[in-house]
Amino acid sequence: MSTNDPVVSLSSVDVHFETEGSLNPFEDTETVRAVDNVDLDIYENDIVAIVGESGSGKTTLGKTAVGLQKPTGGSVTYRGQDIWEAQKRFSDSSISFPDIRRSLQIIHQDPGSSLNPHKTVLSSLEQPLKKWEDELGPEDREARVLAMLTRVGMSPPQDYAHRYPHQLSGGEMQRVALIRALLMNPDLILADEAVSALDVSLRVEMMDLMLELQDSFDTSFLFISHDLSNARYLAEHSNGRLGVMYLGELVEIGPAEEVLSNPQHPYTKVLKWATPSLEIEDATEPPVRDVDIPDPVNPPSGCRFHTRCPNATEYCRSNTPAGLMAENAGDGEHHRTACHRVDEDSDYWESDTLPGASFDR
Ligand code: SF4
């Protein structure tokens, strides 16, 4: 397999949940289409930041990419091995499920939830080494943990090694969670809102640390955030990609710099408008017709953004964009958008605009 093959590949992935039934047993359950028909490849040493409002499906997509959520449609592969086939066949697959789980790690928004409150930092960090590097003796394990604590700026390491989680600040806990993930020698780390709870200066420090370690540990990051400025920082400082989700669909993806300087999807323009640090000209009116996010149980017909889109036409109301498309083959090939406006020959251009919308480019 060439090194250009993806480490993790999501193909036509759906994650649909049935809502809890009400007390009335005759009432139908409803389906939430948390993730709908998403394709995404993540490569070695890659950084992909996914942004979207709450309820856009970005966390579900992230968990699906690292094998913590089983898709209800499509497939997720790790180095060409279907993750859920590997689980079914356990060790009888080209890559075993435990090896896949070890290679795909997660750091949560609340690092405290992944650390045992009754264990010291040293004891928590030794666990993955005991499990995956059983040739190491206690002294080597401790030396490895102390070196990692120093590496992430927790010095003197002997002091931090014997602390309990409640004796650490939020930023320190997040660093310990990052070390724990890295000690598994993963290929991909899902950072799910991993810096959202930190104050701004710590946030930047933590993102810089992730980028530095990503480089030296040869790992990839899938970074999930509701905040476009965090995603921008991480993706721009790494030449990474930025993806935008709306109501379960990936509506735009491309090199971060290009997506931010030249957003193609009207929803990406809304996110950009809503991020004051991104210095938008003429930022007085939100570029949406309706501020309310539709119910994901019953998403709008056609393009799901048509109820809010400032450029929506009748055509958008009944026609779903044909997946992610590039505006110009060649240069724009890696910057793709799910919107009829990308296609110059689309019937969109001949259709009447919806009330309050216009054709503005
Ligand atoms: Fe707006 Fe139509 Fe594009 Fe959807 S397809 S984002 S409604 S212009």
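The values are calculated or read from the model by the stated rules, or taken from the named source; none is laboratory data. Just so it is clear, the model here is predicted, and its values are computed rather than measured. So basically every Cβ, Gly included, is an ideal-geometry build from the backbone, and we count neighbours across all protein chains shown. Ligands, DNA and RNA are excluded from the accessible area calculation, which covers all protein heavy atoms including side chains. Shrake-Rupley method; radii C 1.70, N 1.55, O 1.52, S 1.80 Å.
Using a probe radius of 1.4 Å on heavy atoms only, what accessible surface per residue do you get for the chain? Whole Å² is fine.
Working: 17160 Å² over 361 residues.
Here the per-residue accessible area is 48 Å².
Quick one: pull the percent of accessible area on the chain belonging to carbon and sulfur, 1.4 Å probe, ligands and nucleic acids left out.
Values: 7850 of 17160 Å².
Exposed carbon and sulfur together represent 46 percent of the surface.
Please list, in order along the range 33-43, the HN-Hα scalar couplings obtained from phi with the Karplus expression 6.51 cos²θ - 1.76 cosθ + 1.60 (θ = phi - 60°), rounded to whole Hz, x for Gly and Pro.
8, 5, 9, 10, 6, 9, 10, 7, 10, 10, 9
Let me have the relative contact order for the chain, percent, based on Cα pairs under 8 Å that are six or more residues apart.
Answer for the chain is 17 percent.
If you average the alpha carbon positions of the range 188-262 and of the range 106-159, how far apart do those two centres end up, in angstrom?
The range 188-262 and the range 106-159 have Cα centres spaced 25 Å from each other.
Calculate the dipole size of the chain relative to its Cα centre from +1 charges on Lys and Arg beta carbons and -1 charges on Asp and Glu beta carbons; express the result in debye to the nearest 20.
Numbers: 30 positive and 60 negative charges, 242 e Å.
Result for the chain is approximately 1160 debye, rounded to the nearest 20.
Would you mind putting 233-242, 38-47, 208-217 in packing order, based on average other-beta-carbon counts within 10 Å, highest first?
233-242, 38-47, 208-217
Using label points projected 7 Å from each Cα along Cα→Cβ, tell me how many nm separate E257 and W349, to one decimal.
3.0
Run the helix sum for the chain: -39,500 (n - 2.57) per DSSP H stretch of 4+ residues, divided by residue count, reported at 222 nm to the nearest 500 deg cm²/dmol. Display every interim value, and only then the final one.
Numbers: 12 runs with 112 residues, N = 361.
Here the helix-only value at 222 nm equals -9000 deg cm²/dmol.
Projected onto the charge dipole of the chain (+1 at Lys/Arg Cβ, -1 at Asp/Glu Cβ, origin at the Cα centre), which of T150, V200, G302 gives the Cα projection farthest towards the positive end?
Of the options given, the answer is T150.
Any chance you could run the full-extension gain for K119 through Q87? It's 0.36 nm times the residue separation minus the Cα-Cα distance, nm to one decimal. Each step should come with its number before you reach the end.
Details: separation 32, 0.36 × 32 = 11.52 nm, distance 3.01 nm.
Full extension from K119 to Q87 adds 8.5 nm.
May I ask you to order 145-153, 53-61 by the average number of other C-beta atoms within 10 Å around their residues, highest value first?
On the way: 145-153: 17.9, 53-61: 21.3.
Packing proxy ranking, top to bottom: 53-61, 145-153.
Near R144, within a Cβ-to-Cβ distance under 11 Å, what is the net charge of the other residues, with Lys and Arg +1 and Asp and Glu -1?
Details: positive: R141, R151; negative: E126, E133, E139, D140, E142.
Counting the neighbours of R144, the net charge comes to -3.
If the cut-off is a Cα-Cα distance under 30 Å, which lysines reach K70, setting aside same-chain residues fewer than 8 apart in sequence?
Answer for K70, where 30 Å is the Cα cut-off: K58, K88, K130, K131, listed by chain and number.
Read phi for every residue in the range 111-122 and hand back ³J(HN,Hα) as whole Hz from Karplus 6.51 cos²θ - 1.76 cosθ + 1.60, θ = phi - 60°, with x for Gly and Pro.
Result, rounded to whole Hz: x, x, 5, 9, 10, 6, x, 9, 10, 6, 4, 4.
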